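All remarks here apply to the structure that follows.
The values are calculated or read from the model by the stated rules, or taken from the named source; none is laboratory data. The structure displayed is predicted, hence computed values, not measured ones. Here the Cβ positions follow ideal geometry from the backbone for every residue, glycine too, while neighbour counts run over all protein chains shown. Just the protein is used for accessible areas: all its heavy atoms, side chains included, with ligands, DNA and RNA removed. Shrake-Rupley method; radii C 1.70, N 1.55, O 1.52, S 1.80 Å.
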Amino acid sequence: MSIEQLEIREHLSQFAPFEELADEWLDRLASEVEIQYFPAESTLFETGEELTELRYIRSGAVEVKRRSGHLFNRLEEGDIFGYVDMLRGRPARYSAHTLEDSLIYFFPKALIQELCDEDDDFSEFVEAGGQRLKTRVEQYHRESDLLTTRVRRLVVRRPVMVESTTPLQTAAQQMREYSTTSLLVIDPTTDMDATTFEGQDEHYWHLVGMLTDRDCCTRVVADGIDPQTPVGEVMSTRLVTVQSDESVYEAMLTMLRNNVQHLPVLYRRRPMGIVQLSDIVRYETHSSLYLVSNIYHQASVDGLARLSGEVRQSFVRLVNDGANSEMVGRALATIGRSIIRRLLELGEEELGAPPVPYAFMVLGSMARDEPTINADQDHALVVDDAFDSDAHDRYFEQLAVFVREGMAACGYARCKGDIMASNPRWRQPLSVWKSYFNDWMDDPNPEHLLHSNIFFDLTCVYGENRLVEPLQELIAERAPHRPLFLAAMARNALGRTPPLGFFRTFVVEKDGEHKNSINIKRRGTAPLVDLVRVHALACGSKAQNTFLRLDDINKTQLLAEGVNDKLRYAFEFLSMVRIRHQAMDIETDQEPDNNVMPDNVSSRERHHLKEAFEVLNHAQRFMAFRYPIPPDAERKMKSKRKGRST
Amino acid sequence: MRLPHWKSRQRPNWPDYLADRAKRVRHPMLKQFFSEMRLDPDRPIGETPMVAFDLETTGLDAGRHDIVSIGLVPFTLSRIAMKESRYWVVAPRRQLSNESVTFHHITHSEIDGAPDLGDVLGEVLSVMKGRLPVVHYRHVERPFLDGAIRERLGEGAVFPLIDTMSLEARRHRRRRWVWVRRLMGRPPASIRLHESRLRYNLPAYQGHHALTDALSTAELLQAQVLTHYSPETPLKTLWS
C-alpha cells in the first residue's frame, strides 16, 4: 500500500516530536494509526480512566482539565496528549474534551513504547519533567561551542598583503597604518600549484610567507638588519594555515601544536584573514571584557553614554555566540557595575573625596548577576556610622544624583519605585540599614515587604565592602529563624503566576482567558527568582545569584529529589527565551522588551515553555504549603494593616 | 438491473433483495459475499461494521471507462483502523487516456504490470465481506464495480451502501429553503467530498487517490452521523 501518498504521514512529519523521526517510523505510524471524529464538546477521556493510546489532534481543538475542573491546557492541531499517564501506566489525572469539531489520531501504547525504545529524541520528548528541558538547554550550548563554530567567524578583516620585494620599512609602515600585527607576503606567479590563488586583481599569486611584529623585533631589530632589506629575506616561510570551515577548536589546536600566534585563514587557497590566539581567547571568554576596559577609559559621562550602543552589540554577539544565561547575565552585570564604578570615580573627581567612608550597593537583578539588556536602576548607599547627616549628606546626595543621571544617560532607566541612592531613605548609615533589615524580618507584613523584596539581593560595587557584608550576614543569620518573614516573602512570591502555555496565537491563562503576548519576565523569570530567593533565605544562603542559591538549596533537604534540577533548567530556559527575544528585538531595531509573541515561538519551543511554566507552577504550590502563615499571625497582620489605614 | 423500487422515491427493500441474490448468484465468490451481507434495516449504525471504498477510474462512464485503483478502509462509527486499509492499482481493460492521468495521478507505467481486477477481486470482496460499504457519490462506485464484476464473473453485484454525498444532499439540496436561497441568487452549498468535509472542520486532503478518498469518506460519515444523526440511527434511514 502506498503510504507515502497519505496525508497522515505528511501531517505528522510537520509536528514535534514526529518531525524528526526516520521515514520508516513515519510510514509505520501512518499505517497503524486509528482515527475518530468528535463533534465539539465531546468527552475524550475522564480522570481516572486507563489510557492505552497516545492522542494526536489532526484538526480541531481540545481542552484538558484538572480533576478540580480547572483548565490545565488548551491544545490545537499537531499537539499530542494523554501519553504521560499512559506511559507511566497510571490512570488519567486529567480529563479531555473537544472544544471544536475535531479529528483525533490514536497510536497504541505498544507502538509508542517501541518507538521510545528505538528513538532517543522521541522518548526524551515524551518523557515528562525537567528531563526534556534539560535536553533542550544542553542542546543550545552544544550548538555553539568551539567545536561547532567555524573559524571564519573570528575573521574580522582581510589580511594586509605585500610582495616579497617590499622593503621592510614600507612593510612596517603598512602594519602601522592598518594597525595590524602581521602581514602576508605574496609573489606573482604564472605557475599553478598548491599555494597559488587568484587575487582580486585577477592575477595569480603565491603565498610565500608571513611577517609578524615579533619577527620585526627578533629578526630585524635584534640583528640590526637594514630597514631597506626586502621582506622576503626576513619573513617566516614556515606557513601554518587553516581552512575557513574548520572549527575554532581545530584552529586553536593547530596554533598550539605548531607554536604559532598567527594563523592565516584560507578559503580554498585564497587568504581571507589572519586569526590570532588572542582572538580565540577573546572569543572564548567574553567579548565584553574589551568593552569593560573601554568603560574605564572614558573621561566623561558623555563618553560612557556613547558606549551604551556597544553594550547592546556586545549583548547580541554573546547571545548569537550561544552564551548561556549565566554568561550573558554576568557580562551585563560586569558592564553595569563597571559603569557605576566609573561614574563614582568621575563623581568623586568632581565633588572631592567623600567625607566619610561609604559603600555603593546594587540591588535586584544587578546584584544577582542577572540583569537583562533593559534592566533599570536599583541601588542604595551605605555610609559609615560616623555619618553626620547635616554635615555630610549634601555630598552623598550630589554623588547619588550624579550616578543616577549618569546611569540614565547610559540607558538604565530610573527606578520607578525610587529605590535609588538619591532617595534619602536609601542613603543611610550602616546602623540604620541594620534596623531596616531587622524590621523587615522581625515584624514582617506582606504589603510592606512587597517593595522591599529587592533589598534581599544586594552586593557592594564600589567603596567599602565592610559596610555591606554585615547586612548580608545579618540576613543569612536571622532569616532562617523568622518563619513569619519567610511566609510573608512566600506569599509575595506567589503574586505572579505562570500562564498555562500557548494555544494557537494566544497565551492561555488559568481562567481560560486569551492574551496575545506574554510578559516572560513577569510571568516566568521573576516569579522563579522570587521563589528561589525565599528558599535561599530559609536555608541561610549568602549567595545572590539564582543558580548559586540553587546550589546552596541543594545542600539542604528543602526540596524534593530532582526539583532543584528542574528549577535550574526551567530558569535557564525561561531566561534564554527572554534573552533571545531581546537580542532579536535589537537586531530588528526595536526597543527590547519582555513581551514574547506566541507567533515567534516554534512548536517545539512551545512544549518546552509549557513545561517550564509547569515546573514553576508546581514549585509555587509547594512553596505555599512549605511556608504557611500561622492563622494567629495572619489575624495580627490584618489588624495591623487596618490600624495603619485608619 | 433487478432492483425493487429502483426508480421510486421509496428506498429499496434491501434485505429481500440480498436474500434473493444470495440464492440466485452462481459464482461461489459472490454467493459467499451476498450470504454474509446480512444487514438488518433496524440495526443501529453505531453497531455496524462498515467499509469506505473509493475507485479511481479512467472516466465517468461505466460503459466506456474502467477502474484503475481501489481503496478500502474498514471502519466503525468509533474507529477507523488504517492497519486494515487496502489499496490496489489494477490494469484497466479499456484504454487509459491522458486526461484521466492528470486527474488521479496514476500513470501508464504504474499500470504496466498491475494485475487485472479479476485477480484481486477475491481479496477485495473478502475485505468488504460482512461490512456495509460507504461511498461518496454512489452513481460512480456502484455501476463501475457492478460492471467490472459482471465482465469478469458473468454476473453483477449491486448491494446496499451509504452514500455520504446523498446524506449531505438531504441537508443541503432537498429542503424547501434551498429554493428560497436559489431565488435570492445564492449558489447551492457544494456537496462534493472536499467541500462537505470542510463543513465538519475535517482537514483538507489532496483528493483523487483511492485510499485517501476512502479515508476521507469514512471520516465524513463519522462526522455526519455524530452531527446530524446518532449511533442509534437505524441503517434503513441512512442507506440507499
- Any chance you could count how many residues in region B:208-227 are within 15 Å of the chain's Cα centre (by Cα), surrounded by fewer than 23 Cβ atoms within 10 Å (Cβ to Cβ) and more than 7 Å from chain A (Cβ to nearest Cβ)? 1
- Message: Pairs needed: first member in region A:481-506, within 15 Å of A:PHE437 (Cβ to Cβ); second member anywhere, modelled with pLDDT of 85 or more and hydroxyl-bearing (Ser, Thr, Tyr); C-beta distance under 8 Å; at least 6 residues apart or different chains.
- Response: A:LEU486/A:TYR627; A:MET489/A:TYR627
- Query: In region A:551-568, is there at least one residue being closer than 21 Å to A:ARG330 by Cα and not in a helix (DSSP H, G or I)?
  - Reply: no
- If you take the residues of region A:73-101 that are open to solvent by 10 Å² or more (accessible area, probe 1.4 Å) and within 14 Å of chain B (Cβ to nearest Cβ), which of them is nearest to A:PRO39 (Cα to Cα)? A:ASP101
- Note on the structure: Within region A:29-60, residues at the interface with chain B (Cβ under 10 Å from one of its Cβ atoms) and open to solvent by 50 Å² or more (accessible area, probe 1.4 Å) come out as A:GLU34
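Kindly indicate whether A:ASP215 is surrounded by 15 or more Cβ atoms within 10 Å (Cβ to Cβ) and acidic (Asp, Glu).
Spelling it out, A:ASP215 is indeed surrounded by 15 or more Cβ atoms within 10 Å (Cβ to Cβ) and acidic (Asp, Glu).
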- Query: When you look at A:PRO167, is it in contact (Cβ under 8 Å) with a residue 40 or more places away in the chain, within 14 Å of A:VAL265 (Cα to Cα), in contact with a strand residue (DSSP E or B) (Cβ under 9 Å, 6 or more places away or on another chain) and of a type outside the set (S, T, N, Q), yes or no?
  - Reply: no
- Task: Please list, ordered by first then second residue, the pairs with beta carbon atoms under 7 Å, 6 or more apart or interchain, first in region A:102-115 and more than 11 Å from every other protein chain (Cβ to nearest Cβ), second at pLDDT below 95.
- Result: A:LYS109/A:THR52; A:LYS109/A:GLU53; A:LYS109/A:MET86; A:ILE112/A:LEU54; A:ILE112/A:TYR83; A:LEU115/A:TRP25; A:LEU115/A:PHE122
- Message: If the requirement is being open to solvent by 20 Å² or more (accessible area, probe 1.4 Å) and under 16 Å from the mean Cα position of the chain (by Cα), which of these qualifies: B:PRO44, B:PRO49?
- Response: B:PRO49
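Report yes if A:LEU6 is closer than 19 Å to B:LEU220 by Cα and either open to solvent by less than 20 Å² (accessible area, probe 1.4 Å) or within 14 Å of another protein chain (Cβ to nearest Cβ) (or both), otherwise no.
yes
Residue-wise test of (1) among the hydroxyl-bearing types (Ser, Thr, Tyr); (2) under 28 Å from the mean Cα position of the chain (by Cα); (3) under 30 Å from A:ARG312 (Cα atoms); (4) open to solvent by less than 50 Å² (accessible area, probe 1.4 Å).
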| residue | (1), (2), (3), (4) |
| --- | --- |
| A:ILE419 | no, yes, yes, yes |
| A:HIS448 | no, no, no, no |
| A:ILE475 | no, yes, no, yes |
| A:PHE485 | no, no, no, yes |
- Could you figure out which of (1) open to solvent by 10 Å² or more (accessible area, probe 1.4 Å); (2) out of contact with any Lys or Arg (no Cβ under 9 Å at 6 or more places or on another chain); (3) at pLDDT 90 or above isn't true of A:ASP511? (3)
- Query: Can you tell me which residues in region A:456-476 are farther than 27 Å from A:PRO444 by Cβ and in a helix (DSSP H, G or I)?
  - Reply: A:ASN465, A:ARG466
- Quick one: which of A:ARG317, A:ARG306, A:ARG312, A:ARG341 is among the basic types (Lys, Arg) and within 18 Å of A:VAL461 (Cα to Cα)? A:ARG341
- Message: Taking the conditions exactly as written (at pLDDT 85 or above and more than 26 Å from B:LEU220 (Cα to Cα)), does B:HIS5 satisfy them or not?
- Response: no
